[in-house]
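J.: Input: one structure, supplied below.
The values are calculated or read from the model by the stated rules, or taken from the named source; none is laboratory data. These numbers come from a predicted model, not from an experiment. Methodologically, a virtual Cβ is constructed for each residue, glycine included, from the backbone with ideal geometry; neighbour enumeration extends over all protein chains shown. These accessible areas exclude ligands, DNA and RNA; they are computed on the full protein's heavy atoms, side chains included. Shrake-Rupley method; radii C 1.70, N 1.55, O 1.52, S 1.80 Å.
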Amino acid sequence: MTVEEELRAVFVRHEPLTPPTGPLRAAIDRLVRRRRRRRRIRAGATALAVLAVLGLAAPQVVDPPGERAVPGVPGGEPGARSGALNVLLVGVDGSARLADSVLLVHVPADRGRPYLVSLPRDLEVPIPGRGTGKLNSAFASGTGDGRPDLARGYELTSRTVADLTGVRPDAGAVLTYPVLRELTDLLGGVEVCLPRRVESAHTSRVFRAGCQRLDGAASVDLLRQRRGLPDGGLDRDRNAQIFAAGLVRQAGEQGVLGDPVRLSRLAATVGPKMVVAGGGRSLLDLLRVVPELKSLDPVGLNLPVDAPATGDWRIRTDPAVTPQFLAALREDRLDRWVAAHPDRVTRMR
């Protein structure tokens, strides 16, 4: 027998021991799909990092709950959209229980300027299935007992905000301070222009009135402050808008929003700490509107409310002004409402 014949005989004997290629090929295909999915998730995380720069920063991202009509609101049926986009950002406290801040980012259909609409945490609202309570308690009610479920907390908050405003968020994020701190430092800090002096009740740090550049730790410290401010939580909401505007300017001045390399670096750092949920409108679809914006200078607005009575925790909407404001929000004409109410705009610089 020749060497060639011996080799053939060996191959024939061992051929039954060779594993079938089908399962191996299937395993390789699954690995490729997982890698592609991770790239999509990372891209989605970057998308919301850019979108969240309009409001703060997002380590946990959730798409809106299923299509549902907004009761009693004309045009509130599923699919009735004007071309405007609304992103709900919920900032939670250190225990991830109560919502420190609730911010609706409204991007108009004409892609003029984004609007940052702050909803007071102490606003008295009906919470679906829970009765009446503070807006910030909707998040706590949704998370449930035991380990907080941020997605469920967001969902109940989103339903509460939709019933309150008549606007169903297209996407949203749960905000925590650690990623905000890191994102701020990645951008080299942010300049804020405060209308008044703020002293931290947590660190005794003093933020002077006027413009100053803050790193991540100082930014988080500022955003936690409400005690000692004339309007308490309402002033904190305004400071958050000022910070958001500065963050957007910083990202724009550095060319981050149009630089794939910088965005990739953000994704590599922030992306793994973010959880992107599927379903609903794609966050990548929302990202595509960023280059369409005529201005990255956002307009800061607070939901019109009445001052609470002495000793009363409850904040209620202003019956004379709030209906007009919410109608303008739903009908995508906040530009005209702002022109008629310039005193309601938060001064960003």
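J.: Starting from the residue with the highest accessible area, list Lys134, Lys294 in decreasing order, probe 1.4 Å.
T.: Lys294, Lys134
J.: Keeping all protein chains in the complex and leaving out DNA, RNA and ligands, what accessible area do you get for Ser200 with a 1.4 Å probe, in Å² to the nearest 10?
T.: Looks like 10 Å² after rounding.
J.: Quick one: accessible surface of His341, probe radius 1.4 Å, all protein chains present, in square angstrom to the nearest 10.
T.: Answer for His341: close to 40 Å² accessible.
J.: Oh, and also: What FRET efficiency, computed as 1/(1 + (r/R0)^6) with R0 = 35 Å and r the Cβ-Cβ distance, is obtained for Arg333 and His202, rounded to the nearest 0.05?
T.: After rounding, the FRET efficiency stands at 0.30.
J.: Using θ = phi - 60° and the Karplus relation 6.51 cos²θ - 1.76 cosθ + 1.60, list the HN-Hα couplings for the range 331-342 in order, rounded to whole Hz, with x at every Gly or Pro.
T.: 8, 6, 9, 5, 4, 6, 5, 5, 4, 7, 9, x
J.: Here's another thing I want to ask about it. Can you give the convex hull volume per residue for the Cα atoms of the range 101-202, as a whole number of Å³?
T.: That works out to 169 Å³ per residue.
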